[in-house]
Every structure is written in C-alpha cells, then in structure tokens.
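As structure tokens, the structure follows; a few thoughts come after it.
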Amino acid sequence: MSNLNKILHNKISCKSLWFMRQAGRYLPEFREIRSKNQNFINLCLNSELSSEITLQPIKRFDLDSAIIFSDILMVPYALGQEVNFIKNEGPVLGNLNMNNILKVNKESFSKKLSPVYRAIDITRKKLPKEKSLISFIGAPWTLLVYMLGIKKADNNLNLKKLNIKDLKLGDLINKLVKILNIHIQNQVDAGADVVQIFDSWAGLIPSANIQDLCYSPNAKIVEFCKKKKISNICFPKGIKLKYKEFNNFVKPDGINIDYEIDPQWAKNNLTDVVIQGGLDPKALLKPEDEMIEVATKYIKTFQNTPYVFNLGHGLLPETDPDKLTTLIKFYRNY
C-alpha cells in the first residue's frame, strides 16, 4: 500500500507529497509534446501520450504519487456536449441538450472515455508499486459552471441561467453524480487507487445554495467511494470557513485546503480527516528563502498529524522546475 493510501485509510502521520498540475505546462518535456498536439481533447484521448505525460514528473522528481493526465471536462465531452479549449481564453462548451445528456447510459459513456482508462492501465504497469496513481473528477457544481456557461470573465456568476424554468437542475446534478461514480469506478478498475474530487468553483456558490449545489453532491460521491473502499480527497476551493461545515457533512478521507485557509485554523477545525495542501503556488515564484519560509509554516503546523504536502491550487505554468526540486529536497530532508 502506498504512503498516500496508508494516510487516507488509517489517518496516520506519514511522509507523502505530490503536486496538483504536476504534469503540465511548467515542464519543458510536456511543452514539447503539447506543441505537436494542438487539440487538447485529442491529447487526453491519446493513451500512450497521456501516460507518458503522467509519468514525466515522477521521472524528474520521484514524487510519491502520479495523477493521470486528463481533464474534468472529459465528462461533459463523453456526455455529448461540445468542448473546445481556446488559447488564452480557456474552455468553451457548446449548448447543453438536457434530454440527450439524461439519456446517456453507462456503456456509451465508458466507451467514449475508454482511452482515458487505457492510459491509467498503461501508467499503473509502469509506475512503481509503492506509488499511488490518482484519478480525479470535477464535482457536479464545478462541471455545471462550464456546462451551463454561467461564469463571467470577472469570476462572478450569471445566476439568471440557474433560474431557467425548463432547466431541471436537480435532475442534471443527479445524473452527474451517477455518471461521475461510473467514471470513478472505471478509473479504479483500470488501476487508480485514489480519487480527488475537484470542486474548483465552490467558492462562487451563494450561501443559500451551498448545501444543494456543493455539500450534498460531494457527500453522495464520497459515500459511493467509501462503499467501494476507494480512497478519496475533496477540494472545495474558495469556501473559506465553510470548509469546517463541508468536512463535517461530506466526511471525506482527505480534504485539500486552498491557500486562503490558515493552516493552524485547518488543523484545529478540520477533524477526523487527512489534510492536504494549502501552499500558495505563487510561493514557488518567490526567492528561494521566501519559498522555504512559507513551506516551513505548513510543515511545522502539520508535523505529527495526518498531512499530505501539496499546494492550495495547481502549479503555475511559469514555475521553474528547479525550484520545485529545491522544495521537494527541503521537505524530504526536514
């Protein structure tokens, strides 16, 4: 059993580190592959290349866990919605056809994402047994933000789109929960041993709706994972002090804190859970001594408690890989 699984299963103190977006644009070896593969969806569906990208940070840094190279928007893609990644703009999705999405069954969904599962299988066979292979999903709410096109350029929401009378929001959320559980099981069957649930836009939810749009859907997915004995980590980014309420309601194995959360507050208030992350990715853009100072705060705070060293969001494209090497060496030698 990998260190990450030991921590999540047994809630013990054990050294473990990996980084969100560790397989990505900051690595020259990734940029080389990406320059030859302009269509991002097609790259995610290229099993051999996805596996190669997944393993790049493991080969370079010898991290404790790999996270499969894919994207949360592969789910709406597999549900039949058009997904395009526009340079300097981000993902743009086509019109949502509710009736078509509600009709999608397990077989057609799984078949469309079979290259993703094959990439996991290839990676697991190449990855040392002691290292975890992390799969991931976007939580229903975060997927809806993209599927409904409700996020404005200033990171506010067009809430009017949530009030369309013929939009069966509850039906769509329930459908996403069922499909996401299938996606999780497929990834685990292919060789993944941990799933991270990204609710990246949870912080945009109005307080009156956070129970229905965030807590309940995440809880249903975590309940599925626990029933299937699948280690799970939730990341409800941006919900500030509601992290405590989220943790008490959802009861995940692990919870990733973002960089707005004070680590001491997290240690005091997030109980019966493994805490992961928190370090601001921008710390890696600072001078080395400042980066080490910030990292030391997290290491000292969570010393002798179940903690996974990670970030409070993904690695930034402008991150120097050598800086990451320095951070990893510091953590391991602390």
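The values are calculated or read from the model by the stated rules, or taken from the named source; none is laboratory data. If you're wondering where the values come from, they're calculated on a predicted model, not measured in any experiment. With ideal geometry, Cβ positions are generated from the backbone for all residues, glycine too; neighbour counts draw on all protein chains shown.
Return the pair list, or none, for Cβ contacts closer than 7 Å from residues in the stretch 179-193 that are under 24 Å from L144 (Cα atoms) to residues that are of a type in the set (K, R) and assigned to a helix (DSSP H, G or I), at least 6 apart or on different chains.
Pairs that qualify, where the first residue is under 24 Å from L144 (Cα atoms) and the partner is of a type in the set (K, R) and assigned to a helix (DSSP H, G or I), are I182/K106.
Answer with yes or no whether E82 is among the acidic types (D, E) and touching a helix residue (DSSP H, G or I) at 6+ places or on another chain (Cβ under 8 Å).
It is false that E82 is among the acidic types (D, E) and touching a helix residue (DSSP H, G or I) at 6+ places or on another chain (Cβ under 8 Å).
Can you name the strands (runs of 3 or more DSSP E) wholly within the stretch 75-146 that have at least 2 residues being crowded, with 21+ Cβ neighbours inside 10 Å?
132-138
Is one or more of the residues making up the stretch 220-230 among the β-branched types (V, I, T) and over 18 Å from K11 (Cα atoms)? Give the steps one after another, and end with the answer.
Here is the first cut: in the stretch 220-230, the residues among the β-branched types (V, I, T) are 221-222, 230.
Cutting the leftovers down to over 18 Å from K11 (Cα atoms) gives us 221.
Within the stretch 220-230 (the criterion being among the β-branched types (V, I, T) and over 18 Å from K11 (Cα atoms)), the answer is yes, since at least one residue qualifies.
When residues of the stretch 1-36 are filtered for being under 26 Å from L279 (Cβ atoms) and either of a type in the set (F, W, Y) or not in a loop (DSSP other than H, G, I, E, B) (or both), how many remain?
Within the stretch 1-36, residues that are under 26 Å from L279 (Cβ atoms) and either of a type in the set (F, W, Y) or not in a loop (DSSP other than H, G, I, E, B) (or both) number 17.
Examine the stretch 37-54 for a residue that is part of a helix (DSSP H, G or I), among the charged types (D, E, K, R) and either modelled with pLDDT under 95 or in contact with a Leu (Cβ under 8 Å, 6 or more places away or on another chain) (or both), and state whether such a residue exists.
Start the filter on the stretch 37-54 by keeping residues that are part of a helix (DSSP H, G or I), which leaves 40-44, 47-54.
If we keep only those that are among the charged types (D, E, K, R) as well, we get 48, 52.
Checking the rest, the ones that are also either modelled with pLDDT under 95 or in contact with a Leu (Cβ under 8 Å, 6 or more places away or on another chain) (or both) come to none.
No, there is no match, as no residue in the stretch 37-54 is part of a helix (DSSP H, G or I), among the charged types (D, E, K, R) and either modelled with pLDDT under 95 or in contact with a Leu (Cβ under 8 Å, 6 or more places away or on another chain) (or both).
Anything in the stretch 215-229 that is under 19 Å from I275 (Cβ atoms) and surrounded by 15 or more Cβ atoms within 10 Å (Cβ to Cβ)? List them, or say none.
Listed by number, the residues that qualify are Y215, N218, A219, V222, C225.
Any idea which of L172, L113, L148 is touching a helix residue (DSSP H, G or I) at 6+ places or on another chain (Cβ under 8 Å), over 24 Å from V308 (Cβ atoms), aliphatic (A, V, I, L, M) and at pLDDT 95 or above?
When all the criteria are applied, what remains is L113.
Hey, among I12, I72, I33, which residue is surrounded by fewer than 23 Cβ atoms within 10 Å (Cβ to Cβ), among the β-branched types (V, I, T) and within 28 Å of F302 (Cα to Cα)?
Residue meeting the stated conditions: I12.
Could you give me the residue pairs with C-beta distances under 8 Å whose first residue belongs to the stretch 305-323 and is surrounded by fewer than 23 Cβ atoms within 10 Å (Cβ to Cβ), whose second residue is in a loop (DSSP other than H, G, I, E, B) and polar (S, T, N, Q) wherever it lies, and which are 6+ apart or on separate chains?
Going by the 8 Å Cβ cut-off, the qualifying pairs are T305/S13; P306/S13; L315/Q22.
Pairs under 8 Å by beta carbon, first residue free of Cβ contacts under 8 Å to residues at least 12 places away in the same chain in the stretch 52-74, partner not basic (K, R), six or more apart or different chains?
Close Cβ pairs satisfying both conditions: none exist.
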